[in-house]
Amino acid sequence: MASAGPSASLLGKLLETAGYRVEVRPDALVAVRSRDRRAVVILTAARSPAEVESLFPTESVRRTIVYDDEPGEAARTAAAERGIEVLDPSTLGPGLGEILLQPPAGAELSAVDQDRAGPLEPPFAIAPDAERTVKPRIDRSEAESLAGVDAPHYTLRLVPFFVAAYRVRPMAPDGSHGPVVRSLVAVNAVTRRSEIWADGERELIERLDEPHQRLSPQLGEAQVVPLALDTIRRHHTTHVDHTEQHNGALVIETRRVPPGSDDIRLGPFVLLYVPHWYFEGSQGRVVLDAVTGRRTVSAEPGGT
């Protein structure tokens, strides 16, 4: 058996000194350095790379897992398939030297990373065991009026959404990079539809007194990421004027230019439950978001 290496708390202190932001999680320390997009997960209990991968911020470029004992060939293979470096007590010494090395002076942040507001934290300050329910703003009578139908049957359902903060640097109409924008992206974990939320538009409550049903997520976080990125790109696509000379004539062509992958930073996701009113009447079903009042599709498997 390999000799024991430094304790997780000592490694955390070393990483903080080297410019990492260290967060204590169950059975792990997560250290992130935004300047060079390095992330290190120090495990205090045996976990597979597949379980650990979700702890890394999506914008991380170099990812490392530090085990307190030999993880085994299966774990090393799984980590290699995911592009994750593995260190154990026998390899921690030289590996730690590289991890603690400060980035070169020329390795400056890109504009999308130069955000005075700091790193992308999960939206809402939620304790792990807290109720993650969004407060409804529209009661049943108001929703019935907005729906415009005579609905003898109604149900309040809590629909699961994966929500993350993001930063994006869209193109300006003249083709240059515009200012960095911060917002929230929310992916419906049942219908796979996603949308952009305004920061501060929603608040959480611990308990919902109105009788309701809670739907279960049909997607995992790994499936949510590409859906969220696609929505961010579409939402922040810009019409850019491109001018060319053709046979002496000046031709202006307008192109739709989405932000590139280097212009988007997506933070960690949290699972929230958003209230929706379902009305069943003579005109069929109407579904309203109980926060915004907007009509939406049925958020249940096979719903339309």
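The values are calculated or read from the model by the stated rules, or taken from the named source; none is laboratory data. Everything quoted here is computed from the prediction, not taken from an experiment. Methodologically, a virtual Cβ is constructed for each residue, glycine included, from the backbone with ideal geometry; neighbour enumeration extends over all protein chains shown.
Only residues that are outside any strand (DSSP E or B) and either modelled with pLDDT under 80 or among the charged types (D, E, K, R) (or both) were counted across segment 255-273, and they come to 4.
Consider segment 88-113 and keep the residues that are within 26 Å of the chain's Cα centre (by Cα) and surrounded by 13 or more Cβ atoms within 10 Å (Cβ to Cβ). The one that is modelled with the lowest pLDDT is LEU109. Tell me which residues, restricted to segment 2-33, are touching an Asp or Glu at 6+ places or on another chain (Cβ under 9 Å) and within 19 Å of GLY83 (Cβ to Cβ). The answer is VAL30, ALA31, VAL32.
Taking the stated definitions as given, is HIS276 more than 18 Å from ARG167 (Cβ to Cβ), in the same structural domain as SER145 (by TED's automatic domain parsing) and modelled with pLDDT of 90 or more? Criteria met by HIS276. For the residues ARG25, ARG62, ARG47, ARG21, the requirement of being more than 24 Å from ALA165 (Cα to Cα) and either loosely packed, with under 13 Cβ neighbours inside 10 Å or basic (Lys, Arg) (or both) singles out ARG47.
For segment 181-240, taking the residues that are of a type in the set (Lys, Arg) and out of contact with any helix residue (DSSP H, G or I) (no Cβ under 8 Å at 6 or more places or on another chain), the one that is farthest from LEU266 (Cα to Cα) is identified as ARG207. When the residues of segment 77-87 are filtered to those that are of a type outside the set (D, E, K, R) and part of a loop (DSSP other than H, G, I, E, B), the one that is modelled with the highest pLDDT is ILE84.
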